[in-house]
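The values are calculated or read from the model by the stated rules, or taken from the named source; none is laboratory data. Only a predicted model underlies this, so the values are computations on that prediction, with no experimental measurement involved. Cβ: placed from backbone, ideal geometry, glycine included. Neighbour counts: every protein chain shown. With ligands, DNA and RNA removed, areas are computed over all heavy atoms of the protein, side chains included. Shrake-Rupley method; radii C 1.70, N 1.55, O 1.52, S 1.80 Å.
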Amino acid sequence: MRTALFIAHRYLFSHKRFNAVNILSVISAIAIGIVSLVMVCVLSIFNGYEELILSQNSRLSPDLLIIPAKGNSMITDTQAIAEALKHPGIALRSERLTAQGVVLGQNGRQMVLLQGHGEKWKEMITPTDSIVEGKLPSSSEQDTPADQASIGVGLRVASELGLGIGFTDPITIYIPNRTGVINPLAPMTAFKSLDAHVTAVLNTGNEDDDSSIFMPLSTLQAMLSYPENQVSGIDIKLKPGYSSESVLHDMQYALGSAYKVLDRTRQHPELGKLVMVEKWMSYLIMIFILLLAAFNIISSLSMLLIEKEYDIFTLRSLGAPQKLINRIFMSEGMLISCLGSFVGILAGILICQLQQHFGWVTYPIGMQTVPYPVKIRLTDTLIVVGTTLLMSWLSAGYPVRYFSKRHFGTQKNG
């Protein structure tokens, strides 16, 4: 193998009788490099768009979320959860509880998602980005009459039911009664009700959250007749410098199969799938362009095989096996590809890094311009490397096999 690489290296950089061979080799390397550069940049841009869409459409989503693998609720004081929550990357945690309910206001009624959150939850979100007016309710603060609860409402609920923090008339929340006996003669005994006043209106950019009602965790637990240690999930905020993927892996290992740990992408799979489809469709289009660029390698190797015909017969006379000769020209094609791919990928990474730091390329949003979001992922880079090498190997193999079997084999027998 070293002999084949040595001879291929000499062929690549040595002077040739036909200048067209050198020109085609340079064109092949440049074409492979440009396509590799574009592939790295395109995949990185889609990665950036994925993070941008998730950040704008899931402002209330935590960095990580622990939920039960089966069922809708879990007990928090278990040994597995206690061990998982000892991770040094956790900055804050807050329990959550969710349930379906109906809210009745002056302008009608609507099905809503009820969300109960612990006290630390307000420290985990960014109120300036999410809260339109007012402040989130707290179980330790009482801004409403004693027989009424404080709640926050999503923007969609507030708009459709005409709710706001300045309204004096309370609204009523109904939820199915989980316990007790239902009297068929009194259908309303099947529901628990809660009178509440709005203390905050939230605009989250997410359809589910904008159709939700937010309240203290203890209030919703009381409505559902849940004990203090029974919740739907645990929100996790990470410390700066900790990767969500690495912490997710560590916590999932500690929790076992009874629980699931979800990052923001897994919490909103529909958004991630939308970006992924566009990303990999663009990747497939780039593969076709790479295939066209690889045809230059076929042309370059074909002309090189014709020029080095005398050298091939000399090597055969010296006892070189046909496999060695094939390896020489296969290595030649791979060297051309690797040179172009290596330079192109490095240039693509450099361009993405410069865009991340300086944001030179922008696009308009409303009255302002923002830089194109980019994020480089190692897996995408490795996929680009593997794709270019595979395409180049296939392109180099065709002319080598063809000339080996048809052209030189016939002349040898003659």
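Numbers for the structure displayed
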{"read-out": "Simple Cβ-charge dipole of the chain, Lys/Arg +1 and Asp/Glu -1, about Cα centre, in debye nearest 20", "value": "2760"}
{"read-out": "Amide H contacts of V132 (H built 1.01 Å from N, under 5 Å, at least 5 apart or other chain)", "value": "V201, L202, N203"}
{"read-out": "Residue among A293, A91, A347 with the largest mean-square fluctuation in a Gaussian network model of the chain, springs linking Cα atoms under 10 Å", "value": "A91"}
{"read-out": "Of all accessible heavy-atom area on segment 271-350, the percent that carbon and sulfur account for (1.4 Å)", "value": "78"}
{"read-out": "Spacing of the two label points (7 Å from each Cα toward its C-beta) at D250 and S225, in nm", "value": "4.1"}
{"read-out": "Candidate values (i) 52, 48, 44; (ii) 104, 50, 42; (iii) 63, 59, 45, label of the one derived for Cα extents along the principal axes in Å", "value": "(ii)"}
{"read-out": "Label point distance in nm, I23-V361, each placed 7 Å from Cα along Cα→Cβ", "value": "3.1"}
{"read-out": "Across K70/K260; K279/K375; K273/K375; K70/K237, pairs whose alpha-carbon gap is larger than 19 Å", "value": "K70/K237"}
{"read-out": "Positive-end residue of L292, G233, V385, charge dipole of the chain with Cβ unit charges", "value": "L292"}
{"read-out": "Förster radius 56 Å - calculated FRET efficiency between L292 and K260, Cβ distance, rounded to 0.05", "value": "0.80"}
{"read-out": "Cα-projected label distance for L85 with K70, points at 7 Å along beta-carbon direction, nm", "value": "2.4"}
{"read-out": "Chymotrypsin sites (Phe, Trp or Tyr not before Pro) restricted to DSSP loop in segment 18-87 with at most 13 other C-beta within 10 Å", "value": "F18"}
{"read-out": "The chain - mean residue ellipticity at 222 nm from DSSP helices (-39,500 (n - 2.57) per run, n ≥ 4, rounded to 500)", "value": "-17000 deg cm²/dmol"}
{"read-out": "Degrees, to the nearest 10: 2-13 long Cα axis against longest axis of the chain", "value": "80"}
{"read-out": "Per-peptide average of other Cβ atoms within 10 Å, ordering 242-255, 211-224 highest first", "value": "211-224, 242-255"}
{"read-out": "From phi via Karplus (6.51, -1.76, 1.60), per-residue ³J(HN,Hα) for segment 308-320 in Hz, x at Gly/Pro", "value": "8, 4, 5, 5, 5, 5, 5, 4, 5, 5, 7, x, 5"}
{"read-out": "Relative contact order computed over segment 186-288 (Cα-Cα under 8 Å; 6+ residues apart), in percent", "value": "12"}
{"read-out": "Under 20 Å from K323, Cα to Cα: aspartates and glutamates that are on another chain or at least 8 residues apart", "value": "E307, E309, D311, E332"}
{"read-out": "Average accessible surface area per residue within the chain, 1.4 Å rolling probe, Å²", "value": "53"}
{"read-out": "The chain: relative contact order as a whole-number percent, Cα under 8 Å and 6+ apart", "value": "30"}
